[in-house]
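Have a look at the structure below before the remarks.
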Amino acid sequence: MGRRFAELAFTPLVKEQQQLHGSRQAYARVEQSNYLGDTLGPEEQEFIHERDGFYIASVTESGWPYVQFRGGSKGFLRVIDDRTLGFADLRGNKQYISVGNLEHNDRVALFLMDYPNQSRLKILGHAKVHEGDAEAQKLVKILRVPEEKTPVERAIVIHVEAFDWNCPQHITPRYTKEELAKLLEPMRQRIELLEAENAGLRATLANRS
């Protein structure tokens, strides 16, 4: 964890809870760290590029947290630079809760999950919605996935304030069809080989009888 994430997340009440439960001393050292943790390095950028979905949290005008899932092809969440992310926002159920929330409060939290490897990356930032003007058209052209058929309604650009790699504890491994196919490929090849050998033995026995 970098110092910047601690600065944003460790409010006075959070620090009270850390003190109560015995973790305050360790996290106090994080707050004194020289590592700021506000720019995405090669590891973070590669991790983001490999994701086909993420969770984004915003806050309603009445103070309620709201979490939404955004999915697409791998890499649809683009790294524009080491402090900036962006994605083409596709047409959905037309509730527009996240978009409305960002008009009130531009703060967002992103959770990016790698379930097979039990990894998660948390990102805090400020989101800006681009829609209905020349800048939006330019960004959509850059951010949209060419093979995506769902209409793009807007571009959302996120300025990264801080990030943190979360511990893998309690992350249950889950696999996509693509990931399962890759894992099971050696078994599939082995089954094909055994079936071919079995067919050969049957043919041999049939010729002898």
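The values are calculated or read from the model by the stated rules, or taken from the named source; none is laboratory data. Note that the coordinates shown come from a computational prediction; the quantities given were computed from them, not determined experimentally. For the accessible areas, the whole protein counts, side chains as well, though only heavy atoms, and no ligand, DNA or RNA atoms are used. Shrake-Rupley method; radii C 1.70, N 1.55, O 1.52, S 1.80 Å.
How much of the accessible area of region 159-209, probe 1.4 Å, is carbon plus sulfur, in whole percent? Don't jump to the answer; show the numbers that get you there.
Details: 2560 of 4290 Å².
Exposed carbon and sulfur together represent 60 percent of the surface.
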For region 103-209, what does the equivalent ellipsoid look like in terms of its semi-axes, each the square root of 5 times an eigenvalue of the Cα gyration tensor, given largest first in whole Å?
51, 22, 8
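For region 1-153, with all protein chains present and a 1.4 Å probe, just round the carbon and sulfur fraction of the accessible area to a whole percent.
Roughly 50 percent, rounded to a whole number.
Determine the calculated [θ] at 222 nm for the chain from helices alone, applying -39500 (n - 2.57) to every DSSP H run no shorter than 4 residues and normalising by the residue count; nearest 500 deg cm²/dmol.
Working: 7 runs with 83 residues, N = 209.
The per-residue figure over the chain is -12500 deg cm²/dmol.
Going from most exposed to least, what order do 142, 97 have by accessible area with a 1.4 Å probe?
Working: 142 100, 97 60 Å².
Largest to smallest exposure gives the sequence 142, 97.
Let me make sure I get this right: for region 5-75, a, b and c are the square roots of the gyration tensor eigenvalues over alpha carbons, sorted descending. Under 1.5 in a/c it's rounded, otherwise prolate if a/b > b/c, else oblate. Which is it?
Oblate shape, in that a/c is at least 1.5 and b/c is the bigger or equal ratio.
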For region 22-67: accessible area per residue (Å², 1.4 Å):
64
At q = 0.30 Å⁻¹, base-10 log of I(q)/I(0) for region 118-157 (Debye sum, equal scatterers on each alpha carbon):
-0.99
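On average, how much area does the Cα convex hull of the chain cover when viewed from any direction, in nm²? Mind dumping the intermediate values first?
On the way: hull surface 73.5 nm².
Quarter of the Cα hull surface area: 18.4 nm².
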Taking the solvent-accessible surface of protein heavy atoms with a 1.4 Å probe, what is the per residue accessible area of region 150-209 in Å²?
76
